[in-house]
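Read through the structure below, which is laid out as structure tokens, and then see the notes.
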Amino acid sequence: MKVIQFVVVFLVLRYQRSSADDNVYGVSNDDYGRQFDGIGSISGGGATSRLLVNYPEKQRNEILDFLFKPNFGASLHIFKVEIGGDAQSSDGGEASHMHERWDENYQRGYEWWLMTEAKKRNPDILLYGLPWAFPAWVGNGTYNAFADPEVTADYVIRWITAAQTYYNLNLDFIGIWNERNYSSTYIKILRKMMDSRGLEHIRICAPDQHGWDIAENLVTDAQLEAAVDFIGTHYPASLSDQAAVNIGKQLWASEDHGFAGLASSPQGACRARMLNLNYVNGLMTATISWNLISSYYVGLPHSGSGLMTALEPWSGHYTVDAAIWVSAHTTQFTSPGWHYLPHGRGVGKLTRGGSYVSLTDTSTGDLTIVIETMSFHPEESTDCIQSPFASGPQNASFKFSGVFTRIESLQVWYTKLGFNGNDSIYFQQIAPIQVVNDTVTLSLCVDEIYTLTTVSSGQKGTATNPPPSKPFPLPYKEDFEEYRPHDEPNNLAQQVGVWEITEVGAPHGQVARQMVLQHPVYWCWGRGGHPDNNTVNVIGNFNWTDIYVEVEARVGAVNGTDGVFVAARIDRGGCVASKALGIFFIVFPKEQRYELTNDLARHKVLKSGLASTNTDWNTISLLVQNDVAVGTLNGDQLFNASIPAQPSNGFVGLGTIPYGLADFDNLFISNSSDGLHRIQMNDSRDKTLHFEPGLVD
């Protein structure tokens, strides 16, 4: 506390000094720049909020407050969510509201809940929906989402209207197809069909992919130009396109940096630059970052990409990361509908590195200036900066004219990002700065953020310290009884296929059912992914080596899969989940046989043979210890086999071979020692089994 008090006093003295070599930047309202549309983030692309759902209520509410509550934390203006499409879309898959043309259900998935929680905290937050993938039937036998544009438009509109009907959620924006080719015909049909169904207020952002090429089509196609409200691009590196600027439509960074793998300070530096430079360099009036929260297992792609981190629903532990407080410098002191001031009169670059933006509420005259002096650091991701640069200490004076000459003082909020072992100071309110001769002067150092504002409602939200971090709990039992129908099972991170809770009657009650029957309209093309017919759902700790997993499973009598499996040491997920290595124990009940494979694609079969299966439920167990795997079926040992050294660690998983209905119940995971005892006790043939030397009791 004494250190912070010293820093605050030092800052007060520092920004009260003036110097003859001050750089003077004008701040004037004699004209206005573009309207500000807001700062937002994305839940989706995909299943990035998966583990947040079953957090303890107290910690979950605290997390949601840090993300959405006004004048508390990130205080987001825009919330963008995935319209689930039954397919892998980066870190997992999200369920569609229509698995089949005849199937319509709006209890699936957690995005409804998350949007409701966001609105509960901020009724003015703007909601944005975007598909990443589509169920197979939408493509009508192709992998093209626009094979029949009217079918696709109807599918999306049903999701929009369900948000209104079932959750009292009114969407503000809709996108086209995340980072995939857009269809001008589809965009025009979507606009026409939304208008005909009373959804005229919903505005279209297109194309939601990389680049600004759509601008050329808007120039030559008047109907398309009328249908598109915002030009949204992904990861623009703060640069827009002159053709897009000339059209006059609002430009958005509709998905921007995820900060994958960054520590807190580099993450904050990236975000501070981005939020300013997207307008300074590119006239982008909204920035929406991927993703909202890192709430998916370490070991899946893009770990650490969220504004904050919540990986442990079993412990309740979470962290509030730098990006929350960097966001607050803008979000807590502006609102959509404010206006940027013109370049050179409130917006621009600082002489010795850094940038500043000024925004004003034209109805009240409120003013907010956000200043950043971020320098380049070697530990930053290449996502953040294209080439090294430097910022240096400097004095900066902001001279007011016009209506702003009435301002006598400004509230001041300050952040200093620590590098090279130095601590950071996040979002501290310091003494107001006085305006002297219509001027305020700051002595700026490197890696700082200042907000100067007439808005007095800012607040650094606090919560009780979250519980300490704990590893995934073992033994782990799940009987799927404590859910609502159609919920997604907790802690299971579906990679290919989707699972939902289904009632099947006694004695099993509720079970987890894999629902996808055929390959969806895929998103993962070009990201190492390719169509695959095998589903997989992972759980636990990526660092697990020796482990025991058991589950009861059955294939569907109608539209059923052929095989069901349990697995250990699964080494990957995301778009390359279909290429996963691991130890997979697959049972084919109809064929009465089994396989032990080293990969999900079944190219590396280690052992196979006949298996005496039941016609209904079968209990499958797999024990992996050192270089040996033991598999049992209904208490009978089927194999005791040597396994490859690689992969040496990974997730536990379950799934189907291929797509098709299958039910899973009574999932049990424990350490290998407990698993060995369980096998010995449950084996129906031989209580004195011989195990390979690698299995140590």
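Can you tell me which residue within segment 449-501, out of those that are acidic (Asp, Glu) and in contact (Cβ under 8 Å) with a residue 40 or more places away in the chain, is farthest from TRP325 (Cα to Cα)? Ranking the qualifying residues of segment 449-501, first place goes to ASP479.
Condition check ((1) under 20 Å from ASN490 (Cα atoms); (2) modelled with pLDDT of 95 or more) across all residues:
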| residue | (1), (2) |
| --- | --- |
| GLU503 | yes, yes |
| VAL511 | yes, yes |
| LEU517 | no, yes |
| ASP532 | no, no |
| ASN537 | yes, yes |
| ASN541 | yes, yes |
| THR545 | no, yes |
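Taking (1) in contact (Cβ under 8 Å) with a residue 24 or more places away in the chain; (2) open to solvent by 10 Å² or more (accessible area, probe 1.4 Å) in turn, ALA506 satisfies each apart from (1).
Looking only at residues that are among the aliphatic types (A, V, I, L, M) and free of Cβ contacts under 8 Å to residues at least 60 places away in the same chain in segment 89-144, which one is farthest from ASP532 (Cα to Cα)?
As a first pass, look at segment 89-144 and keep what is among the aliphatic types (A, V, I, L, M): 95, 98, 114-115, 118, 125-127, 130, 133, 136, 138.
In the following step, the residues that additionally are free of Cβ contacts under 8 Å to residues at least 60 places away in the same chain were identified as 115, 118, 125, 127.
Numbers: MET115: 32, ALA118: 35, ILE125: 38, LEU127: 33 Å.
This residue is ILE125.
Contact annotation: no residue pair with Cβ atoms under 6 Å, 6 or more positions apart or on different chains, pairs a residue in segment 166-193 that is touching a residue at least 24 places away in the same chain (Cβ under 8 Å) and of a type in the set (S, T, N, Q) with a partner that is in a helix (DSSP H, G or I) and crowded, with 21+ Cβ neighbours inside 10 Å. Looking only at residues in segment 364-392 that are open to solvent by 20 Å² or more (accessible area, probe 1.4 Å) and at pLDDT 95 or above, the one that is nearest to TYR340 (Cα to Cα) is ASP366.
Scanning segment 263-294 for residues that are closer than 11 Å to LEU307 by Cα, open to solvent by 10 Å² or more (accessible area, probe 1.4 Å) and either part of a helix (DSSP H, G or I) or at pLDDT below 90 (or both) returns a single hit, SER264. Taking the numbered list (1) touching a residue at least 60 places away in the same chain (Cβ under 8 Å); (2) part of a strand (DSSP E or B); (3) open to solvent by 10 Å² or more (accessible area, probe 1.4 Å); (4) of a type in the set (A, V, I, L, M, F, W, C) in turn, VAL558 passes all entries but (2). Residue pairs whose Cβ atoms lie under 7 Å apart, separated by 6 or more positions or on different chains, with the first residue in segment 51-78 and on the phi > 0 side of the Ramachandran plot and buried (at least 23 other Cβ atoms within 10 Å of the Cβ) and the second part of a loop (DSSP other than H, G, I, E, B) and not aromatic (Phe, Trp, Tyr), are SER75/LYS69; SER75/GLN332. Of the listed requirements (1) over 26 Å from the mean Cα position of the chain (by Cα); (2) at pLDDT 95 or above, ASP241 misses just one: (2).
For segment 545-597, enumerate the residues that are among the charged types (D, E, K, R) and more than 19 Å from VAL630 (Cα to Cα).
Selection gives ARG554, ASP562, ASP571, ARG572, LYS579, LYS590, GLU591.
Going by the structure shown, is ASP221 of a type outside the set (Lys, Arg) and either crowded, with 18+ Cβ neighbours inside 10 Å or closer than 30 Å to LEU359 by Cα (or both)? Against the criterion (of a type outside the set (Lys, Arg) and either crowded, with 18+ Cβ neighbours inside 10 Å or closer than 30 Å to LEU359 by Cα (or both)), ASP221 does not qualify.
Tell me yes or no: at least one residue of segment 24-45 is closer than 30 Å to GLN434 by Cα, touching a Lys or Arg at 6+ places or on another chain (Cβ under 8 Å) and surrounded by 24 or more Cβ atoms within 10 Å (Cβ to Cβ). The answer is yes, given that some residue of segment 24-45 is closer than 30 Å to GLN434 by Cα, touching a Lys or Arg at 6+ places or on another chain (Cβ under 8 Å) and surrounded by 24 or more Cβ atoms within 10 Å (Cβ to Cβ). Residues in segment 126-142 that are surrounded by fewer than 17 Cβ atoms within 10 Å (Cβ to Cβ) and of a type outside the set (S, T, N, Q): GLY141 alone. Restricting attention to segment 471-485, which residues are assigned to a loop (DSSP other than H, G, I, E, B) and either out of contact with any Ser or Thr (no Cβ under 8 Å at 6 or more places or on another chain) or within 16 Å of ILE539 (Cβ to Cβ) (or both)? Of everything in segment 471-485, those that are assigned to a loop (DSSP other than H, G, I, E, B) and either out of contact with any Ser or Thr (no Cβ under 8 Å at 6 or more places or on another chain) or within 16 Å of ILE539 (Cβ to Cβ) (or both) turn out to be PRO471, PHE472, PRO473, LEU474, PRO475, ASP479, PHE480, GLU481, GLU482, TYR483, ARG484. Only a single item in (1) of a type in the set (D, E, K, R); (2) at pLDDT 95 or above; (3) more than 19 Å from GLY563 (Cβ to Cβ) is not met by ARG602, and it is number (3). Among the conditions (1) assigned to a strand (DSSP E or B); (2) open to solvent by 50 Å² or more (accessible area, probe 1.4 Å); (3) charged (D, E, K, R), the only one that GLU550 does not satisfy is (2). Against the criterion of being surrounded by fewer than 23 Cβ atoms within 10 Å (Cβ to Cβ), under 20 Å from ASN533 (Cβ atoms) and touching a Phe, Trp or Tyr at 6+ places or on another chain (Cβ under 8 Å), GLU595 qualifies. Might you let me know whether segment 99-106 holds any residue that is at pLDDT 95 or above, in contact with a Gly (Cβ under 8 Å, 6 or more places away or on another chain) and either surrounded by 16 or more Cβ atoms within 10 Å (Cβ to Cβ) or not in a loop (DSSP other than H, G, I, E, B) (or both)? No - not one qualifying residue is present in segment 99-106. Determine, yes or no, whether VAL412 is open to solvent by less than 10 Å² (accessible area, probe 1.4 Å) and within 26 Å of PRO266 (Cβ to Cβ). Yes.
The values are calculated or read from the model by the stated rules, or taken from the named source; none is laboratory data. Every value quoted in this text rests on a predicted model; they were computed, and no experiment measured them. Positions of Cβ are backbone-derived with ideal geometry, glycine not excepted, and every protein chain shown enters the neighbour counts. These accessible areas exclude ligands, DNA and RNA; they are computed on the full protein's heavy atoms, side chains included. Shrake-Rupley method; radii C 1.70, N 1.55, O 1.52, S 1.80 Å.
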